[in-house]
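These notes concern the structure reproduced below.
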Amino acid sequence: MLRDKRARTVPATLLITPSTVAGPDRPLLGPVSSELSEILAQHVRVTDIHDERSFYQAFADHLGTARRSIWIWAPWTTDRVKSLLPVLTDAAARGVKVTLFVRDPGDALQRKPKHQKYLADLRAALHTVVEINMMHQKIVIIDEETVLLGSLNSLSQSWTREVMLTVRGAHFAQKLLEHEHADQFAAPPRCGVCDGTKVDLRRRRSDDWYWRCYSDACPRWTPGGRSAWTQAAIGATSPKPSNRQRSPSESAASSQGATRPAGPPPPQRRPAGNRAPRSASGPSEATGEPRP
């Protein structure tokens, strides 16, 4: 079949090329090979397990070899930033899109002036920095294919014992990006009132995500933030239906309420001249409370 050109060979390396690759790097495959490639893309391999001592050399290596994108979720920016800033700056300079998600300054640790200075340095070097209220994820995703995931805060770890997994798999990386709403959250708006950039991302108890301006220079600013400018981040969610089963008595009452005929009209008020004298201890007209 090969001699008659009714079949062709496909190198295995092309079948395992991440499905997210576009442009000239994307292999040209037939229908069967494309389907097989998509199946193999879902394969996940745990290639390394690091502790707090071995992680940072591996982290720097991954940052140094990134070609397209770096996504980082790291709650705090402390002294660890000093050693990583040159590597991150170099990645951004060679065209890698670097997006960082950190905690907002409502956090007592993150709002310290020293840590805000590190954050300002990161803002100056990276493409996007997004502040999120109460975030605690520890994730790094390189080129939508390699995931570093575990307990270690990559921009703030100092002495605690930690563990981080290196997981390879384009399908898993994409699923994680979708779960974290990475694309939607990577474009924070400016405040619609003061046009400032001090906007953080928050989540309501109803699961709705929204942006909120926290600038004290904004005309809408208040200490509690109740009147602050806000904007929906990914749209409001619809109310969740209740799964509670109604009791037979509730169902019967509802049925009777739907079919019960209207009751008699309310009694007519008597003319004022025929009213009985009000007791001195009766309720007052305004409040219904006993008179003194």
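The values are calculated or read from the model by the stated rules, or taken from the named source; none is laboratory data. Note that the structure is a prediction, hence the values are computed from the model and not measured. Note that we place each Cβ from the backbone using ideal geometry, even for glycine, and neighbour counts take in every protein chain shown.
Quick notes on this one:
- Among the residues of the stretch 222-235, those that are within 14 Å of THR197 (Cα to Cα) and not in a loop (DSSP other than H, G, I, E, B) comprise THR230, GLN231.
- Scan the stretch 79-95 for residues that are surrounded by 18 or more Cβ atoms within 10 Å (Cβ to Cβ) and not aliphatic (A, V, I, L, M) and the total you get is 1.
- From the options LEU109, LEU165, LEU100, residue that is under 24 Å from GLU52 (Cβ atoms) and either surrounded by 15 or more Cβ atoms within 10 Å (Cβ to Cβ) or not hydrophobic (A, V, I, L, M, F, W, C) (or both): LEU100
- From the list THR89, THR65, THR78, the one residue that fits, being in contact with a Lys or Arg (Cβ under 9 Å, 6 or more places away or on another chain) and assigned by TED's automatic domain parsing to the domain that holds LEU177, is THR78.
- Exactly one residue among LEU126, LEU109, LEU85 is in contact (Cβ under 8 Å) with a residue 40 or more places away in the chain and aliphatic (A, V, I, L, M), and that residue is LEU85.
- Listed by first and then second residue, the pairs with beta-carbon distance under 6 Å, at least 6 apart or on different chains, first residue in the stretch 207-231 and touching a residue at least 24 places away in the same chain (Cβ under 8 Å) and closer than 15 Å to ASP104 by Cβ, second assigned to a strand (DSSP E or B) and of a type in the set (A, V, I, L, M), form an empty list.
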